[in-house]
Amino acid sequence: MKCPFCAYKEDKVVDSREGRAGDLIRRRRECLKCGRRFTTYERIDEIPYMVIKKDGRRERFDRQKILQGMLKACEKRPVSIPKIEALVDEAEKFVCDSTDRERTTVELGEMLMSRLRKLDKVAYVRFASVYMDFKDVKEFLNELKGLLSERTHK
């Protein structure tokens, strides 16, 4: 395992726990060079879960892609890492709970946006601005006005 902070290839396992459903093992690791800790997950490799892109292509569900998007949206916001991880877990469960082993990126994006909207409005706007691919400033402003009107009605 390569350290995500310094790329050193040696670490020690500090803690191992079985996941809730018993289908994964979570390991806390500590880099032997920089001393920083990180988490890895081991899962049984099965038939992959898929996402259907807007253009119809099918792609393997990538938890890391969701995590990177959430980290980017929540950057410099008061959203804790455990909350972000819980959101990513929820997205993964959403895909895994599909009877067809696949979901559309539209379904996945809508679910993530609704959760982010409740969690942090700025993170929501950041995510939505990329996900919704606004065609112009007017569309973006309309989304912001909707958020502001919600805020004034509370």
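One residue is enough: does region 48-62 have a residue meeting the conditions touching an Asp or Glu at 6+ places or on another chain (Cβ under 7 Å) and of a type in the set (Ser, Thr, Tyr)?
yes
Can you tell me which of (1) surrounded by fewer than 13 Cβ atoms within 10 Å (Cβ to Cβ); (2) modelled with pLDDT of 95 or more; (3) not in a strand (DSSP E or B) is the one VAL13 doesn't meet?
(3)
Kindly check whether there is at least one residue in region 90-104 that is out of contact with any Cys (no Cβ under 7 Å at 6 or more places or on another chain), under 30 Å from TYR8 (Cβ atoms), hydroxyl-bearing (Ser, Thr, Tyr) and not assigned by TED's automatic domain parsing to the domain that holds MET1.
Looking through region 90-104, none of the residues is out of contact with any Cys (no Cβ under 7 Å at 6 or more places or on another chain), under 30 Å from TYR8 (Cβ atoms), hydroxyl-bearing (Ser, Thr, Tyr) and not assigned by TED's automatic domain parsing to the domain that holds MET1.
What tally of residues in region 31-58 results from selecting those that are closer than 24 Å to LYS12 by Cβ and touching a Phe, Trp or Tyr at 6+ places or on another chain (Cβ under 8 Å)?
Summing the residues that are closer than 24 Å to LYS12 by Cβ and touching a Phe, Trp or Tyr at 6+ places or on another chain (Cβ under 8 Å) in region 31-58 gives 6.
Report yes if some residue within region 24-39 is touching a strand residue (DSSP E or B) at 6+ places or on another chain (Cβ under 7 Å), modelled with pLDDT under 90 and surrounded by 12 or more Cβ atoms within 10 Å (Cβ to Cβ); otherwise report no.
Within region 24-39, the subset touching a strand residue (DSSP E or B) at 6+ places or on another chain (Cβ under 7 Å) is 24-32, 37-39.
Narrowing the set further to residues that are modelled with pLDDT under 90 leaves 24.
Among the residues that remain, those that are also surrounded by 12 or more Cβ atoms within 10 Å (Cβ to Cβ) are: 24.
Yes, region 24-39 has at least one match.
The values are calculated or read from the model by the stated rules, or taken from the named source; none is laboratory data. Note that the structure is predicted; figures quoted are calculated from it, not measured. Glycine gets a Cβ as well: all are built from the backbone with ideal geometry, and neighbour counts include every protein chain shown.
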